[in-house]
């Protein structure tokens, strides 16, 4: 897998982990600190935790919980949700998080991306772009956990995000999220071709083949939620992660060496 | 006490978590007395080279730390940018580095190879230790560590204790006397990182 990262994305609702489909119908799936411990034992490449209700509930990030999670995360750990100011981002780094994920705040004001990347380093600032197809007018970027249409075009916006100084971009298809039917490959390919910074594919992964396809099309990393948290058709909660050898084999020839 | 030097930049929180994990007492400090009485010093670092060197100078700790490390030979570990700062200069900035180890820091340059890789180099890579350095546990078949960087060190092979591949082979771990440093993030490299910190602790204690 070397260099091609496989990233479990955990969704947080202030204190508990949740999972849904197309950004809706979230149900409780477990305790975050415990889940991180399990992912730690499974030697995951990287972990992303997103508090999906912080911005909509006008809440600050739950720094106490994030600190607890970070103390168990002996892998690269990215946090997003409710980050509004530079001081929020500095606080994250103080408590042991190495990447800050900006979404709604970046759409509002890209200068936050620039200021943050100057302080904590470009590689530590990730911008997450949620988008979906609209009835007229094609794919548009949505903020506030998929609630508000910003009317921005995802590709044009991603290029501006790169210029603003982001270190990487997570591109998340709301239409594919939680469906296990595969990523939105067209957009991933277009983005990876147009951007110089790493693109992380997110939304819809259901199998290792989906990872491979995204990487073959230029994604530098792949993120998945359901695939690592649910098992079977009744979606029983079970945390899994592929073995290193399995991923190494999957990405053979893609190792940048 | 293992002291993580606090000079206003760096991933001190995650290194502190790692020290706790391997069971040694650690703290993040800029207190001269604590630095003086420490068992070992750890220099973290993220962000830009000039910004970090400037902050290090502004902290007023440089004289004291150089005495502890270069004169008193206190065990020292630099991590990521905390490794790059130990050298003479960097492509990334105009200010001089600390110059504790001769060498310089270059940006990844893929002009001579056909595939253009993305910079920064971000992800896990296998690290090889040409001289089986004591920093790397010999019980692992291979060593994998997490990297995030756009620049890498170029120095005399006699200081090199680890290399990795990204487009070409580059230096990712060095040692000079009591000074060890890694380009990768052992504090974020689960079992491989935990073991590296254990090895460092064994070297110190």
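A few comments on the model shown:
- The mean of 1/r over all distinct Cα pairs in the stretch A:117-257, once inverted, gives the Kirkwood hydrodynamic radius of 15.9 Å.
- Pairs of alpha carbons in the stretch A:99-168 whose separation is greater than 17 Å (percent): 37 percent
- The tail of the calculated P(r) for the stretch B:52-174, taken as Cα-Cα distances beyond 19 Å, holds 53 percent of the pairs.
- Working from Cα pairs under 8 Å separated by at least six residues, relative contact order for chain A is 19 percent.
- Prolate/oblate/rounded call for the stretch A:5-250, Cα gyration tensor, a/c under 1.5 rounded: rounded
- DSSP-defined beta bridges in chain A - what % are antiparallel, rounded to 5: 35 percent
- Average other protein chain Cβ within 10 Å of Cβ, residues A:74-82: 4
- Restricting attention to the protein assembly as shown, close to 45% of DSSP beta bridges with both partner residues there are antiparallel.
- Descending principal axes extents, the protein assembly as shown, alpha-carbon based, whole Å: 70, 46, 41
- Counting only Cα atoms, the stretch B:105-188 measures 35, 26, 20 Å along its principal axes, largest extent leading.
- Cα gyration tensor shape of the stretch B:1-78, rounded if a/c is under 1.5, else prolate or oblate by comparing a/b with b/c: oblate
- Helical contribution to [θ] at 222 nm, DSSP H n ≥ 4, -39,500 (n - 2.57), averaged over chain A, rounded to 500: -9000 deg cm²/dmol
- Derived value for the stretch A:18-95: Kirkwood hydrodynamic radius 13.4 Å. Basis is the mean of 1/r over every pair of different alpha-carbon atoms.
- Cβ-derived FRET efficiency at R0 60 Å, residue B:177 paired with residue A:186, nearest 0.05: 0.60
- Built from the Cα atoms of chain B, the convex hull projects on average onto 10.7 nm², one quarter of its surface area.
- Beta bridges per DSSP, both residues in chain B: antiparallel share near 60 percent.
- With q set to 0.24 Å⁻¹, the log10 of I(q)/I(0) for the stretch A:170-229, from the Debye formula over equal scatterers at the Cα positions, is -0.86.
- Using equal-weight Cα scatterers in the Debye expression, the normalised intensity of the stretch A:114-155 in log10 at q = 0.29 Å⁻¹ is -0.89.
- Value of [θ]222 nm, deg cm²/dmol, for chain B, DSSP H segments ≥ 4, -39500 (n - 2.57) each, nearest 500: -6500 deg cm²/dmol
Where a number appears in this text, it was derived from the coordinates with a stated rule and is not lab data. This structure is a prediction, so every number in the text was calculated from the model and none was measured. Ideal geometry is used to build each Cβ from the backbone, glycine not excepted, and the neighbour counts take in all protein chains shown.
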